[in-house]
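Where a number appears in this text, it was derived from the coordinates with a stated rule and is not lab data. The shown structure was predicted, so the numbers you read here are calculated from the model rather than taken from an experiment. Quick reminder, even Gly has a Cβ in these numbers, built from the backbone with ideal geometry, and neighbours come from all protein chains shown.
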Amino acid sequence: MVPYLQKTTSAAALLLGAQEAFPSAELARLLASNKTLRIKLGFDPTKPDLHLGHAVVLNGLRRFQEAGHQVVIIIGDFTARIGDPTGKETARPPLSAAEIAANASTYLDQLGLLIDLDKAEIHSNSEWLGKLSLNEIIQLMAKTTIAQLLARESFARRYERGDSIGLHEFLYPLLQGYDSVAINADIELGGTDQRFNLLVGRDLQQGYGQKPQICITYPILEGIDGHEKMSKSLDNYVGLTMPPAEMYGRTMSIPDSLLPTWYSLASGLPQITVQKILANLENGKLHPRDVKMQLAYSIVLLYHGAEAARSAQDNFIHQFQKKELPEEIPEYQLSDASLNICSLLVKVGLVTSTSEARRLVEQGGVKLHLAAGMRLIEDPHFSVEINSTANVIQVGKRRFVRIVAASE
């Protein structure tokens, strides 16, 4: 199982990464009661692999488990036969029983990367949905109106266009909501795209005489394309069991615009560390390539360990770093945390004055070679971080100095 990095029982920490908790006042009272709560999270096994997008919510579930609450995982083998219509503009093709069984068989191993399965309660929703009589299904449907279902945005758009909407699609949120009734959930977790389904579960619990669950939603992680929700069908995903080199390489392919979201939701790093990295990225102290490499390393570290993370990073550097450096480069050790590029050039002897350094920078004659590749320095106010990663300063075509942090 992935090591837990921030074990805590405070309400704020339990909701770390959550976008919304509603009703928030009820949640506060529930958490203050010190009751062992039943925390529900459901998955439809429509694909065989879980990915970093799933892990956003799974990390939320893990926080509740570490706080001593009872997590209840629902494998939606019955609801997968219908397919969740959330965000879909057309009806989803139903999966066969064999496809569902094959996908579900891989889920528990992958869930075990993040959740202590020995302490979890695990159900397939066919346990109760498959036993509902026609009379019970009619009673279930009577607890929701067509107007409520058409309030779902995707249904509303399709209805307004006159597109086909199957009755079975209307049934999906009712069946998923009935899962909350069947296990008597206190809290249900889900992505923001699941808000409608979570609220249906809350309404159904009330209709069946139970105390309505609290609903907690988490942001949707965009895929490596930077546009769409992470999805295996779009091939824009990073799978939890993906080989380390592929996991590292796919993370390195994300656009720079995703770095803040991915660091916050997928890196596994403490929030104080994330905030510092993103602040240094924003003010230009860190280059996006270096920040992205640290993100890729952190993600591989979470799911495969330190040795695999180091190997994946070395492999990436070997394959993609530009081979522009001579074999023998003079080395200069510095104890400074960072230095202005012009001051650095003078200090290591590549130029004789800051005015000469400024002129070279403004003329495009200074390059900084990082682990992820070469960067042309065009700003004379640029600050170079002096760290354990050996950076090479290049002036012109033939003058090089390797800058390394002095050992303490």
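Here are some notes:
- The protection proxy used here, the mean number of other Cβ atoms lying within 10 Å of each residue, ranks peptides 67-77, 21-31, 126-136, 335-345 as follows, highest first: 67-77, 335-345, 21-31, 126-136.
- Restricting attention to the chain, close to 50% of DSSP beta bridges with both partner residues there are antiparallel.
- Between the labelled values (1) 22.9; (2) 24.2; (3) 20.1, the entry that holds mean projected area of the Cα convex hull in nm² as derived from this structure is (2).
- When peptides 360-366, 293-299 are ranked by their average number of other Cβ atoms within 10 Å per residue, the highest-first order is 293-299, 360-366.
- Charge dipole (Cα centre; +1 on Lys/Arg Cβ, -1 on Asp/Glu Cβ; no other charges) of the stretch 331-405 amounts to roughly 300 debye.
- Taking 7 Å steps out from each Cα toward its Cβ at Q148 and K119 produces label points 3.5 nm apart.
- Positive-end ranking of Q65, T261, F400 along the dipole of the chain, with charges on Cβ about the Cα centre, is headed by F400.
- FRET efficiency for the pair Q363 and E331, taken as 1/(1 + (r/R0)^6) with r the Cβ-Cβ distance and R0 = 30 Å, rounds to 0.70.
- Fully extended contour minus Cα-Cα distance, from A28 to E378, at 0.36 nm per residue: 120.8 nm
- Whichever aspartates and glutamates have a C-alpha closer than 17 Å to that of K211, once near sequence neighbours (fewer than 8 apart) are set aside: E26, D179, D186, E188, D203
- Taking Cα centre as origin and charging only the Cβ of basic (Lys, Arg, +1) and acidic (Asp, Glu, -1) residues, the dipole magnitude of the chain rounds to 500 debye.
- Too-long pairs where the Cα-Cα distance tops 31 Å, listed order kept, from K276/K347; K347/K397; K35/K292; K285/K347: K35/K292
- Extreme residue, positive dipole direction of the stretch 244-320, given options A308, Q275, H287 (C-beta unit charges): Q275
- Computed label-point distance, nm, for sites K397 and Q19 using a 7 Å Cα→Cβ extension: 5.3
- Per residue, the average separation of C-alpha pairs within less than 8 Å and at least 6 apart gives the stretch 244-320 a relative contact order of 45 percent.
- Ordering P48, Y218, L31 by the projection of their Cα atoms onto the charge dipole of the stretch 11-218, which places +1 on the Cβ of Lys and Arg and -1 on the Cβ of Asp and Glu, puts L31 at the extreme positive end.
- Note on the stretch 11-218: antiparallel DSSP beta bridges, both residues inside, total approximately 15 percent of the bridges counted.
- Model label points for Q70 and S343, set 7 angstrom from Cα along the Cα-to-Cβ axis, are 6.1 nm apart.
- Degrees, to the nearest 10: 195-207 long Cα axis against longest axis of the chain: 30
- Relative contact order for the chain, counting Cα pairs under 8 Å that sit 6 or more residues apart, in percent: 14
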